[in-house]
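Here is the structure we will look at, set down as structure tokens.
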Amino acid sequence: MTQILPYVLEVGTQEVVLTPDPTHEFTATTEQVALGYGVSQENIRSHKLTKADELIEGKHWVVGNTNTPGGTQQVTLWTKRGIVRLGFFIRSKQARQFRDMAEDLVIDYFSKGQIQNPSPELISARGVSAAVGIPPRHASTTLRRHGIEATHHFLEARCGAPAYLYSLADVQAVWPDTVFTPYQGEARPGVAPVARVVGAAARTKAANFHQPRLLPTDTSTEQLARRLLSLEAQKKAVLRELAALA
């Protein structure tokens, strides 16, 4: 099952963590909401108490459980609607920024089905190679033979060239008894052409491929004598052919 990761919203210098929720699209703890609005947690709790007629349980906030060293504790989780509604009561430049980001960006992001349809787990040819114990090129060839084509790509850090990514579910179907490690990193949809990286040795070899080569010259007496005998044999063969034509 694909794990849905939290969504991090950068508000100024703060990183606010929003956790996907099947009912409310996403939620955030009082601590994270306070970071986003640039106020104290006590300020958020105060609004929850004094604006109880506008901040409604089940709609703007819910009670959730969290694991702590002391055991499981109940916490207040603010929903998408609750985060936006709090912005009407908190007045500051950062508050407006956080409210607008939550309304215009985050809501739009999740309303496009990012939670209901998370990206599939992917794996690279090198990942398949490491798990199965075969060369990466052999892994790619085997996948193509099974009709499995790459769906995404990423840029390799060592050379900056695109590399292919395959659906982990499809790969698992080919090797059902193998444990694979999913690719972790930025995955770009589509398959970009893979640039061929030529090393220094290969470039030197290619540059010299069409260069004329100088044959070694024999200068020893023995080598000269052999060449003379060869020329004499060729001369006799030519004279025989001329005599036959006369």
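The values are calculated or read from the model by the stated rules, or taken from the named source; none is laboratory data. No experiment lies behind these values; they were computed from the predicted model shown. Cβ sites come from the backbone with ideal geometry, for glycine too, and all protein chains shown count toward neighbours. Protein only, heavy atoms only, side chains kept; ligands, DNA and RNA dropped before computing areas. Shrake-Rupley method; radii C 1.70, N 1.55, O 1.52, S 1.80 Å.
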### Summary
Considering only strands (runs of 3 or more DSSP E) wholly within segment 21-99, the ones with at least 3 residues that are more than 19 Å from L9 (Cβ to Cβ) are 61-68, 71-79
### Summary
Of the conditions (1) under 36 Å from the mean Cα position of the chain (by Cα); (2) at pLDDT 85 or above; (3) farther than 25 Å from P22 by Cβ, the single one that K93 does not satisfy is (2)
### Message
If I ask for residues that are open to solvent by 80 Å² or more (accessible area, probe 1.4 Å) and out of contact with any helix residue (DSSP H, G or I) (no Cβ under 9 Å at 6 or more places or on another chain), which ones from segment 64-96 would you list?
### Response
N65, N67, P69, T72, Q73, Q74, R81, R91, K93, R96
### Message
Can you say whether A192 is surrounded by 13 or more Cβ atoms within 10 Å (Cβ to Cβ) and at pLDDT below 60, as far as the supplied structure shows?
### Response
yes
### Residues (hydroxyl-bearing (S, T, Y) and in contact (Cβ under 8 Å) with a residue 12 or more places away in the chain) located in segment 24-54
T27, T29, T30, Y37
### Task
Go through segment 50-90 residue by residue and tally those that are acidic (D, E) and closer than 19 Å to T19 by Cβ.
1
